[in-house]
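The values are calculated or read from the model by the stated rules, or taken from the named source; none is laboratory data. Here the structure is a predicted model, which is why all the values come from computation and not from measurement. Neighbour counts run over all protein chains shown; Cβ positions are idealised from the backbone, glycine included. Side chains are part of the model used for accessible areas, which takes the heavy atoms of the whole protein and leaves out ligands, DNA and RNA. Shrake-Rupley method; radii C 1.70, N 1.55, O 1.52, S 1.80 Å.
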Amino acid sequence: MKLLLPIALLLGLVLGVISALAGQSLFLLGLWPLAAALAAGFMLVSTAHFTGERRSAAHLAAALTVALAWLGADRAASAWLFHQHQQRVVASEGLLLADHAVITDSDNPDTLIDAALMAETGAGGVVGAARVQMRSGITVMRVLGDTRVIRAPLWAVVVWLGLRAAIVALLVARAFEQLRGEPVCAVCKQWLRRERMGWLDPVTFDDLKDDWLTGKRSSPEVQQQPGQLLVFRDTCPTGHSVAPGFEIRRARGRGLGRSRPGTLAALSPAVALSTETVAPRDD
């Protein structure tokens, strides 16, 4: 956890800034949370795999950390960009701002913007800009400066922001869940090295599963022509396997059939001084 959480924090901040910058040109509802979740999930699962971190509490903490860091960085960077945009608009107004300059005793666009934000929201700078953005409503689309905003009360905007972070946290947590479901070596507890062998004829599947249930380590006879059942070969990355393990998995179909994808049967690798196990599953 000592390495996973700092990486999750740094990754969330970086992804938040990137999504805020990219969102100035292209913003679609749900696009950037999904992109951030996919990138964060890949990086954090790779980190957990490298460090051997398998605790669910650590995975949940990392998912929450990256989601909150992403949301905070995204909102802060977006508010800063909005503040900078307002400065450029004010600077381009020229003599039209003469009366405001007299009132504030300054012709600095930054000072004028902060004064306006202070009067409207009670805060200047990035904080004031963030408050203005939240009061304006929910942005649903932005393409090359053309923005569509849904007017909504402040509580609805807060809920919407929470949902954005929840999407990131949920997808990253699901990626961690899949990682925890991967088989590990019975000796060193490292995740097994998995190799895709090919496809298995469904006709021979029942006989192969019966062999595994009776303790016979029959190797699947695979073919390279795509079919319904995928075969994977598992070995220990540190060399504890004296015989490989196998997993038979139904591939995700393209039609509307009732068969669900997933593992149908598995044979753990044989290791020294250990007993291999078979985990058959119903269709």
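Here are a few things to note about the model shown:
- Across segment 206-235, the qualifying residues are those that are among the acidic types (Asp, Glu) and out of contact with any helix residue (DSSP H, G or I) (no Cβ under 9 Å at 6 or more places or on another chain), and the one among them that is least open to solvent (accessible area, probe 1.4 Å) is 234.
- Being closer than 30 Å to residue 20 by Cβ, aliphatic (A, V, I, L, M) and without any contact (Cβ under 8 Å) to a residue 24 or more places away in the chain holds for only one residue in 171, 163, and it is 163.
Here is a yes/no grid of residues against (1) of a type in the set (Asp, Glu); (2) at pLDDT below 95; (3) crowded, with 17+ Cβ neighbours inside 10 Å:
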| site | (1), (2), (3) |
| --- | --- |
| 51 | no, yes, no |
| 58 | no, yes, yes |
| 68 | no, no, yes |
| 76 | no, yes, yes |
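- When segment 141-162 is filtered for residues that are open to solvent by 40 Å² or more (accessible area, probe 1.4 Å) and outside any helix (DSSP H, G or I), the ones remaining, listed by number, are 141, 142, 143, 144, 145, 146, 147, 148, 149, 150, 151, 153.
- Screening 194, 217 for residues that are among the basic types (Lys, Arg) and touching a Lys or Arg at 6+ places or on another chain (Cβ under 8 Å) leaves exactly one candidate, 194.
- The residue that is most open to solvent (accessible area, probe 1.4 Å), counting only those in segment 168-205 that are closer than 22 Å to residue 9 by Cα and in contact with a Leu (Cβ under 8 Å, 6 or more places away or on another chain), is 171.
- Taking segment 236-251 as the range and being open to solvent by 30 Å² or more (accessible area, probe 1.4 Å) and either under 14 Å from residue 195 (Cβ atoms) or over 27 Å from the mean Cα position of the chain (by Cα) (or both) as the test, the residues that pass are 237, 238, 239, 240, 241, 242, 244, 249.
- Qualifying positions in segment 222-246 - of a type in the set (Val, Ile, Thr) and in contact with a strand residue (DSSP E or B) (Cβ under 9 Å, 6 or more places away or on another chain): 222, 231, 235, 242
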